[in-house]
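Here the structure is laid out as structure tokens; the discussion comes afterwards.
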Amino acid sequence: MNNPVPGETPRPGGALEGAVIAVAGAGGPAGHATLLRLAEAGAVVVAADADPTRLAEGVDAARFAHGGATVIGDTVDLLHLDPTREWAERTEREYGRIDGLVHLVGGWRGSPTFAETDLADWTLLHDLLVRTVQHTSLAFHAPLARSGNGRFVLVSAAGASRPTAGNAAYAAAKSAAEAWTLALADDYRKAAAEGARPPAAATVLVVKALVTEAMRAQKPKARFAGFTDVHDLADAVSRLWTTPTEEVNGNRLWLTQKP
């Protein structure tokens, strides 16, 4: 596959053919599914995760499933801004452009009741769910705008809109991450000349929870009502480049029933 040419939006074989998409938090099941889908669509996929073993599994699976696909793995500490900026700069320098950043860094902590909330959970979730979004958005903000059709994609949870007593820390962190992403969207909106489309889009995909084939196999009688399959999430991610930038920017796309 030829490297993309800066300033040219890749289109020949489809919306993602030749596009350069970075995936943060690519080592989990959602990350693996997303790598597979983006590679299938012809994108150059640059994946990052803090766990090199899980990351390598996802990268190898995507390469094996789609022979000839360019799928690169990079161990990056997204809890710190400088390494995240270095990752973005290295990716743009290597491939000439960045057309997307899919943020899949996750984590969960909860408590039986509100009064039993452990504030150590908030510290952990703030780092995982908020700090990493801050770092990836700041690092990829300009490269995505230079793409001309960039996408910053945050995967969030329905709980951010309807917090429950035992999920105070988790819901608050998800809500903060959404607010940060929508602030990025507003920046892209303001960067557009009057009547022109934004140079990039920031958007939020909302799920109740994610389900995998392994989870279904472990609990064959479970319904997983309202859950989103990780492959359906990956499909939703890939479709974001086929929707006009101005329709994506600043919007929440619900992949489950709204609360």
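The values are calculated or read from the model by the stated rules, or taken from the named source; none is laboratory data. From a predicted model like this one, the values you see are computed outputs, not experimental measurements. Positions of Cβ are backbone-derived with ideal geometry, glycine not excepted, and every protein chain shown enters the neighbour counts. Quick note on the areas: whole protein, heavy atoms, side chains included, nothing else; ligands and nucleic acids left out. Shrake-Rupley method; radii C 1.70, N 1.55, O 1.52, S 1.80 Å.
Remarks
- Within segment 170-183, considering residues that are in contact with a Leu (Cβ under 8 Å, 6 or more places away or on another chain), open to solvent by less than 10 Å² (accessible area, probe 1.4 Å) and among the small types (Gly, Ala, Ser), the one farthest from THR245 (Cα to Cα): ALA173
- Given (1) modelled with pLDDT of 95 or more; (2) farther than 22 Å from GLY14 by Cβ; (3) not basic (Lys, Arg), number of the condition GLU213 does not satisfy: (1)
- Residue check: TYR95 meets all listed conditions (1) buried (at least 22 other Cβ atoms within 10 Å of the Cβ); (2) touching a strand residue (DSSP E or B) at 6+ places or on another chain (Cβ under 6 Å); (3) under 22 Å from ALA41 (Cβ atoms) but one, namely (1).
- Positions within segment 133-152 being within 9 Å of HIS103 (Cβ to Cβ) and either without any contact (Cβ under 8 Å) to a residue 24 or more places away in the chain or surrounded by fewer than 24 Cβ atoms within 10 Å (Cβ to Cβ) (or both), in sequence order: SER137
- Segment 73-92, subset out of contact with any strand residue (DSSP E or B) (no Cβ under 9 Å at 6 or more places or on another chain), in a helix (DSSP H, G or I) and acidic (Asp, Glu), residue surrounded by the fewest Cβ atoms within 10 Å (Cβ to Cβ): ASP82
- Residue in segment 130-163 that is modelled with the highest pLDDT, counting only those that are closer than 19 Å to LYS208 by Cα and either in a helix (DSSP H, G or I) or over 13 Å from the mean Cα position of the chain (by Cα) (or both): VAL130
- Filter result (touching a helix residue (DSSP H, G or I) at 6+ places or on another chain (Cβ under 9 Å), of a type outside the set (A, V, I, L, M) and assigned to a loop (DSSP other than H, G, I, E, B)) within segment 53-72: HIS66, THR70
- If the condition is being closer than 26 Å to ALA48 by Cα and not in a loop (DSSP other than H, G, I, E, B), then segment 100-119 contributes GLY100, LEU101, VAL102, HIS103.
- Complete set of residues in segment 31-62 that are over 25 Å from THR242 (Cα atoms) and surrounded by fewer than 23 Cβ atoms within 10 Å (Cβ to Cβ): ALA50, ASP51, PRO52, THR53, ARG54, ALA56, GLU57, ASP60, ALA61
- Qualifying residue in segment 175-194 (condition: modelled with pLDDT of 95 or more, under 18 Å from the mean Cα position of the chain (by Cα) and β-branched (Val, Ile, Thr)): yes
- Flag if GLY107 is modelled with pLDDT under 95, open to solvent by 10 Å² or more (accessible area, probe 1.4 Å) and not basic (Lys, Arg): yes
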